Amino acid sequence: MTSDYLFRSERLGFRNWKSSDVSLLAAINQDPLVMEFFPKTISESETAAFVLRMQEQQLKNGFCYFAVDQLSTGNFIGFIGLCEQNYPADFTPCVDIGWRLAQAAWGKGFATEGAKRCLTYAFESLGLNKILSIAPTINIKSEQVMKKIGMRKVKEFPHPLLSDYEKLQNCVLYEVEKKPV
């Protein structure tokens, strides 16, 4: 399986999605604690559509929210990566960085480690110059990861896709730019 990885960090392998990942990600997407800061849990069919969208982004752009395995076990733990965002906002279209990990992978520094590695990939391999990250203001853990990977807070804004979800609508926007050589 090691040849499947597009790149690695110390403890994680980043790869394109396989059809066998759908049920694994669906289990994560159906965990109410994992999905606490989203409007709802996500069904297996919605997860399959997400995986297909990520496969298409990978083919088109050379990036997506990558499927992530823990190298020591080979187990799939969720996703970390980059995604095009095109919803109506004054900062879109853009590329954002995001993550969603199984509860069993929480508290081990995987999100921070993986996000740092994805930023390196974005800047050095893909030649991107700026990456954004967005989360509801109540999602303190994701905001902490944004800070740990060197992002700076730009603003808070009402997310246009979350207008029906009062507790989620107010979001933070963070950014990080490629350092000049």
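The values are calculated or read from the model by the stated rules, or taken from the named source; none is laboratory data. What you are looking at is a predicted structure, and each value in this text was computed from that prediction instead of being measured. Don't worry about glycine lacking a Cβ; one is built from the backbone with ideal geometry, like all the others, and counts go over all protein chains shown. Areas reflect the complete protein model, heavy atoms only, side chains present, ligands, DNA and RNA absent. Shrake-Rupley method; radii C 1.70, N 1.55, O 1.52, S 1.80 Å.
State all residues of the stretch 61-103 that are outside any loop (DSSP other than H, G, I, E, B), more than 24 Å from residue 147 (Cβ to Cβ) and of a type in the set (A, V, I, L, M, F, W, C); if no residue qualifies, say none.
67, 76
Consider residue 111 carefully, then state whether it is in a helix (DSSP H, G or I), open to solvent by 60 Å² or more (accessible area, probe 1.4 Å) and small (Gly, Ala, Ser).
Judged against the criteria, residue 111 is not a match.
Tell me which residues, restricted to the stretch 161-180, are under 18 Å from residue 97 (Cα atoms) and open to solvent by 90 Å² or more (accessible area, probe 1.4 Å).
Result: 161, 177, 179.
Kindly establish whether residue 76 is open to solvent by 10 Å² or more (accessible area, probe 1.4 Å), at pLDDT 95 or above and under 23 Å from residue 169 (Cα atoms).
no
Just to be sure I understand the filter: pairs with C-beta atoms under 7 Å, separated by 6 or more residues or on different chains, first member in the stretch 88-106 and free of Cβ contacts under 8 Å to residues at least 40 places away in the same chain, second member part of a loop (DSSP other than H, G, I, E, B) and surrounded by 20 or more Cβ atoms within 10 Å (Cβ to Cβ). Which pairs pass?
none
Could you please find all residues in the stretch 140-160 being open to solvent by 60 Å² or more (accessible area, probe 1.4 Å), part of a helix (DSSP H, G or I) and either among the β-branched types (Val, Ile, Thr) or closer than 17 Å to residue 95 by Cβ (or both)?
140
Every residue in the stretch 58-73 that is open to solvent by less than 40 Å² (accessible area, probe 1.4 Å) and without any contact (Cβ under 8 Å) to a residue 60 or more places away in the chain, please.
Those that are open to solvent by less than 40 Å² (accessible area, probe 1.4 Å) and without any contact (Cβ under 8 Å) to a residue 60 or more places away in the chain: 58, 64, 65, 67, 68.
When both residues are 6+ apart or on different chains and their Cβ atoms are under 8 Å apart, which pairs have a first residue that lies in the stretch 1-28 and is buried (at least 20 other Cβ atoms within 10 Å of the Cβ) and of a type in the set (Val, Ile, Thr), and a second that is part of a strand (DSSP E or B) and modelled with pLDDT of 95 or more?
28/78; 28/100; 28/101
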